[in-house]
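Since the structure comes first, as structure tokens, the remarks are kept for the end.
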Amino acid sequence: MKLLLATMKHETNTFSPVPTPIERFHADGRLLAGDDAIEFYSGTGTAIGGCLDVAAAAGARVEVPVAADGWPSGPVRDEAYEELAGRICEAVSRGGYEGILLDLHGAMVTETYHDGEGELLRRIREIDGHSPVAVSLDMHANVSPEMVSRIDILCGYQTYPHLDEKETGLRAARMLVDTIREERHPSLAWGAVPMLPHVMAQSSFDEPNRGLQRRCRQISERGALDASLFTGFPHADTRFAGLSAVVVTDDDRHLAVELRNELLQEAWSERSNFVFAVEPLQESVSRARNLAAGANLDKPVFLLDHYDNAASGGSMRHATVLREIVRQGLADVVFFAMFDPDAVSAAQRAGLHQRVTVQFPESDTARGGEPFAFEGIVTCLSDGRAFARDDERSGLLIEMGPSAVISSGSVDVVVVSMPMEPYDIACFRPFGIDPAAKRFVALKSRVHWRAAFESMAAAFIPCAGSGACTSDYSELDFQNIRRPIFPLDPDTGFVIESVT
């Protein structure tokens, strides 16, 4: 058995100012393919890692034309997209595969294409119209009919934070192998409802998504091969942004439609619980300060700078929350992290244990804010490299680039030169910082932090700063999303039975 296996992943925030050239997809300084990709991802808790495990167990030969997973940012530049898609399509053209396995995100937007995955699959099907195609997608995929009409198998993450990336790859790859062996005949039913869940209300640790993802697993016990509910990524302003669901059965289209409609109906009934209420920043930071002062806490209070999160396309350059933390006099704080290569260079020039003043260039500039000057002692210089420790991404290289810690005495600010979502405790290791020993931990994160850090938090408080990941939909100029859609249009109506 010979399989084509490729990763081409990007969660595109169409409101993000961060550019997306081909370098955004580099890992360990290069674009991974072939044996390099297999070595890099083998044994890791990623979707492609799961696919490789299944291929090995099946005795399959695998060709990997590219394994590219870029940090979220603005629309993918055309030359980057053509390089990645071209590598995959060139491999498809060579032929000889009994199946195609694609590890995609599902919310890729390029300078030319609003549906990057749909366009890739269109090109693949023009070349090869018969080989079975299995796709694994992120829970935040904005699934389109163009995607599902060109594939045989679709599996999505069932957790957020994404703790089941490897399991999702295993599910998709196993179904593909069974299909090639003619042990399964997948029938897929997909549908969407007009709702745009707030990302801050999407965690599978909480209701309503916890119950919906549990229902997906229950559906798989009722005769379906697989079920996935995609909460969608609202910061990709495309036609099919929002919540959708897919059910795959073994050659039973009627059952697939019936179970999918049940899942969509339950999600639609929970639409008001997917709305996130924003609290003014000053009140949030004050609440954190009072909480820490008014109780004998043995754990830190976490503050989430969720408007400027790298894993949703934020620049990590907004100092709005950091400025408020300093203004209100919070002490014993670690702030992770500001993205500022110039500040790292300034710290390197100053040297360890030397005083330096850095200017973080963006601080609520959309509202006329000024750059924020931060003065402190350089307490650490690092190459910013570590390996993930948590089970879901165990062994995966974490790259933050040349980095520094600048401490005012009250606030330790980690400054990095590559984007980094603090999804793993290992992100603190290069800096010798134990976040559990701090009174306050401020993270540029929305939900992913919870997998590694929630057990060490006395409480967590979302902080509405500034940036492209705003949770206030009124700050986003939607132009392409289908309307009406809830909650942009509160009176939106929908009948599930119309989904066929």
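The values are calculated or read from the model by the stated rules, or taken from the named source; none is laboratory data. Not measured: the values here are computed from a predicted model. We place every Cβ from the backbone using ideal geometry, glycine too, and count neighbours over all the protein chains shown. Only protein heavy atoms, including side chains, enter the accessible area calculation; ligands, DNA and RNA are left aside. Shrake-Rupley method; radii C 1.70, N 1.55, O 1.52, S 1.80 Å.
Points to keep in mind about this one:
- Relative compactness, segment 302-385, computed as alpha-carbon Rg over 2.2 N^0.38 Å: 1.11
- All C-alpha to C-alpha distances of segment 97-144, sorted into 5 Å bins beginning at zero, yield P(r) values of 5, 20, 29, 24, 15, 6, 0 percent in whole numbers.
- With the convex hull of the Cα atoms taken as the outline of segment 1-125, the averaged projected area works out to 7.3 nm².
- Pairwise label distance in nanometres, Ala436 with Ser407, each label 7 Å out on the Cα-Cβ vector: 2.0
- Cα-Cα pairs of segment 191-306 separated by more than 26 Å (percent): 37
- Alpha-carbon centroid distance for the pair segment 48-72 / segment 197-269, whole angstrom: 25
- Ordered from longest to shortest, the equivalent ellipsoid semi-axes for segment 245-326 are 42, 17, 13 Å, each the square root of 5 times a Cα gyration tensor eigenvalue.
- Rounded to 10°, Cα long-axis angle of helix 116-127 versus longest principal axis of the chain: 30
- Tensor-based shape of segment 380-460 (alpha-carbon gyration tensor, a/c under 1.5 rounded, otherwise prolate or oblate): oblate
- Rounded to 10°, Cα long-axis angle of helix 209-219 versus longest principal axis of the chain: 20
- Put simply, segment 66-159 fits an ellipsoid with semi-axes of 20, 17, 12 Å; these come from the alpha carbon gyration tensor as the roots of five times its eigenvalues, largest first.
- For segment 36-192, Kirkwood radius (reciprocal of mean inverse C-alpha pair distance, Å): 15.9
- The mean sequence distance of close C-alpha pairs (under 8 Å, at least 6 residues apart), as a share of the length of the chain, puts its relative contact order at 17 percent.
- Acute angle (nearest 10 degrees) that the helix 281-293 long axis makes with the longest principal axis of the chain, alpha-carbon atoms: 70
- The local environment of Val344, defined by Cβ-Cβ distances under 13 Å, has a net charge of -1 under the rule Lys, Arg +1 and Asp, Glu -1.
- Residues whose placed amide H lies under 5 Å from that of Gly156, excluding near-sequence neighbours: Leu137
- Take the Cβ atoms of Arg181 and Glu454, set R0 to 51 Å, and the FRET efficiency comes out at 0.80.
- Rg and Dmax, both from the Cα atoms of the chain and both in Å, are 22.6, 69.
- Between Gln218 and Ser93, the contour length at 0.36 nm per residue exceeds the alpha carbon distance by 41.1 nm.
- Whole-Å semi-axes of the ellipsoid equivalent to segment 1-60 (Cα gyration tensor, √5λ, descending): 27, 13, 10
- Net lengthening on full extension, Glu375/Asn480 (0.36 nm per residue, minus Cα-Cα): 33.5 nm
- Segment 3-102 - percent relative contact order, Cα under 8 Å, separation 6 or more: 52
- When the P(r) of segment 312-361 is calculated, the portion above 16 Å amounts to 51% of the C-alpha pairs.
- Structure-based [θ]222 nm, the chain - -39500 (n - 2.57) summed over DSSP H runs of at least 4, per residue, nearest 500: -8000 deg cm²/dmol
- For Lys299, a cut-off of 24 angstrom between C-alpha atoms picks up these lysines, skipping any fewer than 8 places away in its own chain: Lys438, Lys444.
- Beta bridges by DSSP in the chain, antiparallel share as percent, to the nearest 5: 45
- The H on the amide N of Val76, modeled in the peptide plane, is under 5 Å from the matching H of Val109, Thr110, Glu111, each at least 5 residues off or on a different chain.
- Ligands, DNA and RNA excluded, the heavy atoms of Met175 present near 20 Å² of accessible surface to a 1.4 Å solvent probe.
- Counting every C-alpha pair in segment 137-242, the share spaced more than 20 angstrom apart comes to 40%.
- Rg/Rh for segment 284-428 (Cα atoms only, Rh after Kirkwood) is 0.96.
- Between segment 419-447 and segment 107-182, the C-alpha centres lie 32 angstrom from each other.
- Gain on full stretching of the segment that runs from Glu207 to Glu266 - 0.36 nm per residue minus C-alpha separation: 20.0 nm
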